[in-house]
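Below: the structure, in structure tokens.
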Amino acid sequence: MSEEKRTELEKLGEFGLIDQLTKDFKSTQTSTVYGVGDDAAVLEKNDKEYTLISTDTLVEGVHFNMMYMPLKHLGYKSVVVNLSDIYAMNGTPEHITVSLAVSNRFPAEALEEIYAGIRTACEMYNVDLVGGDTTSSLSGLMISITAVGSVAKDKVVYRNGAKENDLLVVSGDLGGAFMGLQVLEREKEVYKANPNIQPDLDGFDYLLERQLKPEARKDVVKFLEELEVKPTSMIDISDGLASEIMHLCKASKVGCNVYDEKIPIDGKVSTTAIDFNVDPATAALNGGEDYELLFTVAQEDYDKIKGNPHMTVIGHMTDANAGTYFIDKQGATIELKAQGWNHFKKD
């Protein structure tokens, strides 16, 4: 008798699992323009616009730790990470629904704090809370948010539009959220060893904000529109720069060269990384949770974006057969690997 086939989730990873689970689904509705496989689903809205829909779930003990995540910040962050997916389609978020699974160790006042953060995010990004669900949980807190937005049909940007020789561009700077998490984890361990010692968080404000209260880059979408630049492909950086580059390359069937010296890293990120014996480039490539936008533009658009303080060209796309490579500061060429967050990795 043959053994039942067993594929470990760790081996597949999040996106491999999604591919495997959804490969046999066929779209039957004429309103479905683009289903699984991008930052958001794209549905027919009217003659001029598409509707965008994206869902993200944050789970206690996996995505956040109640020891150092303030509840109001958690509510805020849970909204922002969803809105980021709408911006990654070059769209504008408009509505959210919130589903909450919560154990009885949380009083009503705790949930009010979470919703205060959700309300602040709604006000900041001009979106409406229009529904959701609340249920009990036997294993801590879980927040699932669905974001709904819209985009003009001629402005929508997918992951699969990058072409050979397109420039690879990133907004903001990278690695801050990862290093903020390292600081919080260090102080958590110190506290567990001696609860009488106060956490030493002085000087880490920027890193902590990047981790605890990230912002979605709606400003970058606006800048691109003002510059009259439509990216050829785009994705948000949630699982690490390397992982997201690989997604763009896979979807667009291209390769890339990414240059270490071009990756924007804040000075505080660099010094903190070195203190933690982490290569700053590693924090940027594999850290994740920066929620910056990674996109490609045609070479002829370079003059429009050069010098913009919110955008940095970090490489260019190549023929698919040329592979995906990271060129370090010494000029050594290293094959780029997606070593970012794996939701199913065993401890």
Open item on the list: Could you work out what % of the accessible surface of the chain is carbon and sulfur, using a 1.4 angstrom probe and leaving DNA, RNA and ligands out of the count?
Closed with: 50
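Using only alpha carbon pairs under 8 Å that are at least six residues apart, calculate the relative contact order of the range 185-270 and give it in whole percent. Can you show the working numbers first?
Working: 22 pairs, mean separation 18.8, N = 86.
That works out to 22 percent.
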TODO: State the antiparallel share, in %, of DSSP beta bridges confined to the chain, rounding to the nearest 5.
DONE: 80
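Between GLU44 and GLU228, what FRET efficiency follows from the Cβ-Cβ distance if R0 is 45 Å, with the result rounded to 0.05? Could you put the intermediate results ahead of the total?
On the way: r = 26 Å, r/R0 = 0.58.
For GLU44 and GLU228, the calculated efficiency is 0.95.
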- [ ] Rounded to the nearest 500, what is the 222 nm mean residue ellipticity of the chain from helices alone, with -39500 (n - 2.57) per DSSP H run of 4+ residues and division by all residues?
- [x] -10500 deg cm²/dmol
Open item on the list: Calculate the FRET efficiency for ALA332 and ILE274 from the Cβ-Cβ distance with a Förster distance of 22 Å, rounded to the nearest 0.05.
Closed with: 0.65
Open item on the list: Could you sort the peptides 76-83, 257-264 by per-residue average Cβ neighbour count (10 Å cutoff), highest mean leading?
Closed with: 76-83, 257-264
- [ ] Could you state the accessible area per residue of the range 107-237 in Å², with a 1.4 Å probe and every protein chain left in place?
- [x] 49
- [ ] Give the distance, in whole Å, between the Cα centre of the range 179-248 and the Cα centre of the range 93-143.
- [x] 21
Task: For the chain, size of Cβ-based charge dipole, Lys and Arg +1, Asp and Glu -1, in debye - done: 480
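Subtract the Cα-Cα distance of THR120 and SER103 from 0.36 nm times their separation in residues, and report this length gain in nm to one decimal.
Details: separation 17, 0.36 × 17 = 6.12 nm, distance 2.40 nm.
Answer, rounded to one decimal: 3.7 nm.
Figure the gain on full extension for SER27 and LYS250 (residue separation times 0.36 nm, minus the Cα-Cα span) and round it to one decimal in nm.
Working: separation 223, 0.36 × 223 = 80.28 nm, distance 2.18 nm.
78.1 nm is the gain from fully extending SER27 to LYS250.
What order do you get for 181-192, 279-290, 145-156 when each peptide is scored by the mean count of other beta carbon atoms within 10 Å, highest first?
279-290, 145-156, 181-192
Once the Cα gyration tensor of the range 143-257 is diagonalised, what are the square roots of 5 times its eigenvalues, in whole Å and ordered largest first, as equivalent ellipsoid semi-axes? Intermediate values should be presented prior to the final figure.
Numbers: eigenvalues 259, 55, 36 Å².
They are 36, 17, 13 Å, listed largest first.
To one decimal place, what orientation-averaged projected area in nm² is obtained for the convex hull of the Cα set of the range 188-347? Please report the intermediate quantities before stating the final value.
On the way: hull surface 47.1 nm².
Value for the range 188-347: 11.8 nm².
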- [ ] Under 1.5 on a/c is rounded, so check that first for the range 270-328, then, if it is not, pick prolate when a/b is larger than b/c and oblate when it is not; a ≥ b ≥ c are the square roots of the alpha carbon gyration tensor eigenvalues.
- [x] oblate
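The values are calculated or read from the model by the stated rules, or taken from the named source; none is laboratory data. From a predicted model like this one, the values you see are computed outputs, not experimental measurements. So basically every Cβ, Gly included, is an ideal-geometry build from the backbone, and we count neighbours across all protein chains shown. Calculation scope for accessible area: heavy atoms of the full protein, side chains included, ligands and nucleic acids excluded. Shrake-Rupley method; radii C 1.70, N 1.55, O 1.52, S 1.80 Å.
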